[in-house]
Amino acid sequence: MKNWEKNIREITPYVPGEQPDFPDMIKLNTNENPYPPAPGVTRMLKELQADRLSLYPNPEAKLLVNELSVQYGIEPERIFVGVGSDDVLGMIFLTCFCSEKPVLFPDITYSFYDVWAKLFRVPYRTMPLDEEFRIHKEDYYTENGGVIIANPNAPTSIGEGLDFIEDILEHNQDSVVVVDEAYVDFGGESALSLLEKYENLLVVQTFSKSRSMAGMRIGFAFGSKRLISAIYAVRNSYNSYTMNYPSIMCGAEALKDRAYFEECTGRVIATRERVKKELKALGFSFPDSKTNFLFATHESVPAAELFNMLREKHIFVRYFKMPRIDNYLRITIGTDAQMNRLIEVLKEYLDGCRR
Ligand code: PMP
């Protein structure tokens, strides 16, 4: 190793799901929405003037924040926006988890949490999910430097109720509690109503799933003025202009179309409920998903084998080679046609295995 190399940071990064590019592929591996963004977003993209790009964007992304404020009924001073909820969560780790005590989160959850903890040198402790992949809330009654819970959780797809989240808040009034609600719009229960009561609560959501805008990178957090201004102070000590002009304009436009949002999430939910029945008939089991994906295991065929078989046919699902979940596939809910093809391919393969 050369001397200068000794000063280089070594870290094992988060590995996102692959982004293959085949014309015939069915992409069910990164929980994207199979439907396009609201029509207003397409219109806005056509109207945007390239000339405007010569200027810096508004550093507070005011237009977007104001629209979030209108749609969710929360004051603009209580809203933080970032480049996807990954950026928002990363800034929260950097701002809110500065204790010597460990931050707590489940052992099976969004696998970026421990990467941020290591990157920002935040001590952390993972709390094991039970046999049915449920969070054991009593685990979070212990002293800590913060709590982060994905609700619904990923990749398990399980959503806990408001009482469950409130109980964790009740027991954690001395640290910041973050609820990552990336998937909440597909049937989960949001903790937004608890914001008035708990000023140590942050609720994080994203445009990547329910608003079909993963490619635009917009995430947001709601919290008390004190917390939100602290996160902005850290963000502004790092990069004042995280939100680009097209994202601000298109994000605001997407929010205005509530009917489209409800129609799209409704369609994903309806497809999910149908696919649950069909996968069950093929011998799969899974927790009762409140998300836009299913976390499925098969009664006789290993998940790794199914993953590879599907991959060869250009049907991409997610497989985690990790303890306790290495016999599960995380399958994003696509369009009805995509899911029909998935079921057809699985059925054909499983019939072949039985013969
Ligand atoms: N939280 C959870 C639980 C997720 O699964 C994801 C998606 N990978 C994110 C946050 C981040 O999503 P984004 O940065 O696209 O908003």
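The values are calculated or read from the model by the stated rules, or taken from the named source; none is laboratory data. This is a predicted model, so every value here is computed, not measured. Here the Cβ is made from the backbone with ideal geometry for all residues, glycine too, and neighbour counts use every protein chain on show. Note: areas computed on protein heavy atoms with side chains; ligands, DNA, RNA excluded. Shrake-Rupley method; radii C 1.70, N 1.55, O 1.52, S 1.80 Å.
For this structure, a couple of remarks:
- For beta carbons closer than 8 Å, sequence separation of 6+ or different chains, a first residue in region 319-336 that is on the phi < 0 side of the Ramachandran plot and a second that is β-branched (Val, Ile, Thr) and part of a loop (DSSP other than H, G, I, E, B), the qualifying pairs are Met322/Ile108; Ile325/Ile108; Thr332/Thr30.
- Selection within region 333-348 - out of contact with any Phe, Trp or Tyr (no Cβ under 8 Å at 6 or more places or on another chain) and not in a helix (DSSP H, G or I): Gly334
- Ala50, sole failed condition from (1) among the small types (Gly, Ala, Ser); (2) open to solvent by 40 Å² or more (accessible area, probe 1.4 Å); (3) within 16 Å of the ligand (Cβ to nearest atom): (3)
- A search for C-beta distances below 8 Å between a residue of region 215-227 that is more than 15 Å from Tyr183 (Cα to Cα) and hydrophobic (A, V, I, L, M, F, W, C) and any residue that is within 15 Å of the ligand (Cβ to nearest atom) and assigned to a loop (DSSP other than H, G, I, E, B), counting only pairs 6+ apart in sequence or on different chains, returns Met216/Pro37; Met216/Phe207.
- Sole residue being closer than 30 Å to Val234 by Cα, surrounded by fewer than 14 Cβ atoms within 10 Å (Cβ to Cβ) and either over 18 Å from the mean Cα position of the chain (by Cα) or at pLDDT 95 or above (or both), chosen from Glu67, Glu5: Glu5
- Residue pairs whose Cβ atoms lie under 6 Å apart, sitting 6 or more positions apart in sequence or on different chains, and linking a residue in region 256-284 that is more than 13 Å from Asp336 (Cα to Cα) to a partner that is of a type in the set (Ser, Thr, Tyr) and not in a helix (DSSP H, G or I), are Thr265/Ser210.
- Among the residues of region 306-327, the ones that are touching a helix residue (DSSP H, G or I) at 6+ places or on another chain (Cβ under 9 Å) and open to solvent by 30 Å² or more (accessible area, probe 1.4 Å) come to 6 in all.
- Residues located in region 14-44, provided they are open to solvent by 40 Å² or more (accessible area, probe 1.4 Å) and more than 16 Å from the ligand (Cβ to nearest atom): Asp21, Phe22, Pro23, Asp24, Met25, Pro36, Pro39, Thr42, Arg43
- Residues that are touching a helix residue (DSSP H, G or I) at 6+ places or on another chain (Cβ under 7 Å) and acidic (Asp, Glu), drawn from region 52-106: Glu67, Glu75, Glu77
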